[in-house]
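The values are calculated or read from the model by the stated rules, or taken from the named source; none is laboratory data. Here the structure is a predicted model, which is why all the values come from computation and not from measurement. Every residue, glycine as well, gets a Cβ built from its backbone with ideal geometry; the counts of neighbours run over all protein chains shown.
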Amino acid sequence: MSDLDAIRSDLAYLKSLAADDGRPNIIAGAMFLGAGIIYGLPLFVVWATLRGLVDLSQGWTSWISLLSTAVYAPFTAWLAWRYRGTKAPPGPTSRAYAALWGTIGLTTLVVVFVIFWAGARLHVPMMWQVWCCVCFAMYGSAWLGVAIVTRRSVWALVAAGSYLNALVNAFLIGGPDILLGVAFGITLWLGAPGAAMMLRARAAA
């Protein structure tokens, strides 16, 4: 790289810093909101069913996560099509959002496999409930990273809520109430921030 190329690169970086307003892409907000609705809300029904508060067959409750994923996958594809041509706000913040939550997505696949495989090898059917705690610890770490990058205390509060949710769920392991903890957690720490992101992105548009 020549000195001129280096200067241009530095200027481009400084320009991105100046233009960075701390907003994530509206697609990110929609994905979080979608996750809160598609994954979070059905768990309230599952919990109510297992508690006997709702008269539904319990046979389908074991498949609810797969059913939610079957809905969420095409939803994300639709979002990509719906907002095609919409560019993410320039600057380090948008790249940080993508990096933080991209790694969380990949880590989720690995951790879920490890937990379910361990449950099968150890013959512990309820091992999956450990994921109900670990996932919120992971979400908390991502939100804390967002708070550090954006320097906005609201994301630190979301991170704290996620961490607290992980701890609360640990005390609920062993019974159906852990699903209530997960339902509230996904709704509060994914869905609600997603809605806030979308509102902020629309207001700034």
Return only the number of the condition from (1) free of Cβ contacts under 8 Å to residues at least 24 places away in the same chain; (2) more than 22 Å from ILE38 (Cα to Cα) that ALA159 does not satisfy.
-> (2)
For PHE113, state whether it is within 21 Å of GLY36 (Cα to Cα) and among the aromatic types (Phe, Trp, Tyr).
-> no
Could you list all residues from the range 162-191 that are in contact (Cβ under 8 Å) with a residue 12 or more places away in the chain and either in a loop (DSSP other than H, G, I, E, B) or in contact with a strand residue (DSSP E or B) (Cβ under 8 Å, 6 or more places away or on another chain) (or both)?
-> ILE173, GLY174, PRO176
Output yes when any residue across the range 82-101 is over 18 Å from GLY29 (Cα atoms) and modelled with pLDDT of 85 or more, and no when none is.
-> no
